[in-house]
Amino acid sequence: MSAFEILTITFSFIVGLGVAQVLRSIAYMVREFRQISLHWIPFSVAAQILFFQVQFWFALSVVNSLMPQWSWSVYISMLLLAIFVFLAGATALPHSLSSLGERGLKEDFETRGRVSLLFLALYMAGWIGVGIMFWIPELWHLALVNGSYALLGLIIFRASSSRVRGALHVLLIAVTMYGALTVWTTPSLEMPW
């Protein structure tokens, strides 16, 4: 095994558990749909988190290609990113009917699930830090897209109006789609730029 393969075991455990957590929560919501008032916002956030969890592995390969040898600072940075994307997935949706209580899915997200947006904001800001660490050529584009996403996530978290949050979630989806097409690592393990 290469050093990279050994190092990625830790990241894979954390992110893999995050993927399983999101998929389990989605499956639970779908299975119990007659007892739960469903809403599109928590599912859209869960889908974005799932995208970022999968995309993390692609980006990890690119990071590995940028460096001849791993350092503790890079390892810890990537470990924190894995933890942030895991925590985003673990907090977005309820895990059981008892954790949902009498609330519908929208109310649960607005009262408890919104914290996932804070972890996503940390995740996006962390990738800006990684870009600075490696001086990625298109850093301004990465910083703009990730910074916009992080800022929107924080605004949604703080917004008191449900209508404003809903409108901003649509914008968050648009930023995610734009980032996926123009900035973030693709399944071919190449940067779009």
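The values are calculated or read from the model by the stated rules, or taken from the named source; none is laboratory data. Note that the coordinates shown come from a computational prediction; the quantities given were computed from them, not determined experimentally. Every residue, glycine as well, gets a Cβ built from its backbone with ideal geometry; the counts of neighbours run over all protein chains shown. To get the accessible areas, we keep the full protein, side chains included, count just its heavy atoms, and leave off ligands, DNA and RNA. Shrake-Rupley method; radii C 1.70, N 1.55, O 1.52, S 1.80 Å.
Would you mind working out the accessible area per residue for region 15-63, using a 1.4 Å probe, and quoting it in Å²?
Working: 2180 Å² over 49 residues.
So region 15-63 comes to 45 Å² accessible per residue, rounded to a whole number.
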Residue with peak Gaussian network fluctuation, the chain [Cα springs, cutoff 10 Å], from Tyr75, Tyr123, Tyr149: Tyr75
Carbon/sulfur fraction of accessible area - the chain, other protein chains in place, 1.4 Å, %: 69 percent
Ile173 paired with Met133, simple spin-label distance in nm, labels 7 Å along Cα-to-beta-carbon: 3.3 nm
Mean-position separation - Cα centroids, region 158-184 and region 100-128, in angstrom: 13 Å
Most mobile of Ala159, Ala180, Ala90 in a GNM of the chain (Cα contacts under 10 Å): Ala159
